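Beneath this line is the structure, given in structure tokens, with notes to follow.
The values are calculated or read from the model by the stated rules, or taken from the named source; none is laboratory data. Everything quoted here is computed from the prediction, not taken from an experiment. Here the Cβ is made from the backbone with ideal geometry for all residues, glycine too, and neighbour counts use every protein chain on show.
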Amino acid sequence: MREEMRRGIEAAERLARGASVRDTIAAVDTDAWPALDAAVREIDWSTPDAGYVPAWERIAGGRSMTAVLRTGRLTEPLLALALCHRDGRIRDRAVRQATGHRDLLPLVVLRCAGWVEPVRERARALLAEVLDPGSAVPLTPLILRVGRRDRGDFAVRLVGDVLRRTPRERLGRLLTDADRTVRRFAYRLAVEEGFLSPAELARAGAQDDDVVVQNLCAEAALAAVREDGDHRDVLEPLLGARNPRARSAGVTALRRAGLPAEAERFLVDRSAVVRACARYVVRQYGTDPLPLYRAWCAAADGPAPGAVSGLGECGNRADAELLWSLTGHPEAMVRARAVAGLRLLDLADVRRLRPLLDDPAPGVVGETALAMLPSVELVPEEWLMERLGDGRPPHVRASAFRLLDARGGLVRLRAALAVLDGPDERLRRRAELSVRQWRRSPEGAYRDAEAEALLERGRLLLRG
């Protein structure tokens, strides 16, 4: 905010010295116009030695700004400043003179959401009169930003109406805007008006990094998919998308397109939501995915990690030994997914899981700690405390601390003090928070010498 204000003050200074609006602020600089508006109100224009710029009277040729606006016309730079003036009467007269100054339309947009009703209504009438396809596209980002204000909805509705009459090729700039709010607005408009083909919408849903755009475009594209047509141009971009939302939409559409066999390869997708959609599709056509998962996980050449996850998601207790056997697989991702599957099926045995807390792969250790949490009381405190030592890998120390911290009581306090002055900054921060939040039990179970000694040591470490 401070940087925006600094830029706004610099722009106001340049305008006061006669620089053109176009040379001072780029029309598409969404942040610069509100900054200028705020800066003009903050600057002390009333004294000649204000330090920033000359006084209003000197800017206006020795007369007050009100007198100049009443009897003559200001130059465009000074009119820009008048549109931002803190006096509503001056803003009102400036709006009257803004007709024909297209470079000032961003300031007219700001006045459309102002709190002074006569200024607001006059600005709205002017914007409705002059806004056309040529000016609507570059003004849309600013209009949407102003639209978040209490009285900003008028300009948003107006620009929407104008853009609906705009040739679709001009909307391309908005569909690729860096601001996701602008892209969302543009794609909603394109979907409502049918500006984009299903294939174009599918590509947008697959490529855009915004979740709202992904869903909007994917759903609109899939509305055209029917069983009796060739929809490869729609399905292929979605099925090959990097984002799981687009892939899951494409997989679900395979049912509507009558292509259940295509869904089988997505049963082992890296995303849980995509795997769930694939299972739904194959089941609709009479295929049970569980035998497929079992066969893939028992294959001699080893399963894909997604197959192990799928077995955990739809398996049962009969799959326990198959999953346990995969906890020793040479691929770390397979081991991690196997532990996760045991947890999902409520088959985790902390005694069998303990060796995996020393696994060299952080992902495996993290899943192991998560699986141990419900039965953490069964894990010996001394064994876990050993894994807090400085010689242990950071991921092992972090997971051991997580389990000890979950035990609560003095165990939690001992673990926090063991790492509070250690080399791992992230773990130190967690330990510090744990010490600060530690409380004795309401029953006073920890009113003993050890608790007092631990707390005193914690206070010393925190102060140091």
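Summary of computed values
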quantity: Residue within region 271-288 that is among the charged types (D, E, K, R), buried (at least 16 other Cβ atoms within 10 Å of the Cβ), in contact with an Asp or Glu (Cβ under 7 Å, 6 or more places away or on another chain) and not assigned by TED's automatic domain parsing to the domain that holds GLY341 present; calculated: yes
quantity: Residue identified as small (Gly, Ala, Ser) and surrounded by 18 or more Cβ atoms within 10 Å (Cβ to Cβ) among ALA224, ALA218; calculated: ALA218
quantity: Hits in region 382-401 - residues which are over 11 Å from ASP358 (Cα atoms) and surrounded by 20 or more Cβ atoms within 10 Å (Cβ to Cβ); calculated: LEU388, ALA398, PHE401
quantity: Residue ID - farthest from the chain's Cα centre (by Cα), chosen from residues in region 202-215 that are within 26 Å of THR30 (Cβ to Cβ), among the hydrophobic types (A, V, I, L, M, F, W, C) and surrounded by 18 or more Cβ atoms within 10 Å (Cβ to Cβ); calculated: ALA204
quantity: Matching residues, region 411-450, being more than 37 Å from the chain's Cα centre (by Cα), assigned to a helix (DSSP H, G or I) and at pLDDT below 80; calculated: ALA449, GLU450
quantity: Yes/no for GLY302 being modelled with pLDDT of 95 or more and either buried (at least 17 other Cβ atoms within 10 Å of the Cβ) or farther than 30 Å from ARG232 by Cα (or both); calculated: no
quantity: Inter-residue pairs, beta-carbon under 7 Å, first in contact (Cβ under 8 Å) with a residue 24 or more places away in the chain and closer than 16 Å to ALA35 by Cβ and in region 99-124, second polar (S, T, N, Q) and surrounded by fewer than 24 Cβ atoms within 10 Å (Cβ to Cβ), 6+ apart; calculated: none
quantity: Selection status of GLY160, closer than 30 Å to ALA98 by Cα, without any contact (Cβ under 8 Å) to a residue 12 or more places away in the chain and not acidic (Asp, Glu); calculated: no
quantity: All helices (runs of 4 or more DSSP H) inside region 80-188 with 2 or more residues being closer than 24 Å to SER20 by Cα and of a type in the set (S, T, N, Q); calculated: 133-146
quantity: Hits in region 396-418 (condition: of a type outside the set (Val, Ile, Thr) and farther than 20 Å from GLU432 by Cβ); calculated: none
quantity: Residue within region 129-138 that is surrounded by fewer than 20 Cβ atoms within 10 Å (Cβ to Cβ), more than 41 Å from the chain's Cα centre (by Cα) and modelled with pLDDT under 90 present; calculated: no
quantity: Of the criteria (1) touching a helix residue (DSSP H, G or I) at 6+ places or on another chain (Cβ under 8 Å); (2) surrounded by fewer than 17 Cβ atoms within 10 Å (Cβ to Cβ), which one VAL108 fails; calculated: (2)
quantity: Candidates ALA332, ALA320, ALA298 - the one that is under 32 Å from the mean Cα position of the chain (by Cα) and touching a residue at least 12 places away in the same chain (Cβ under 8 Å); calculated: ALA332
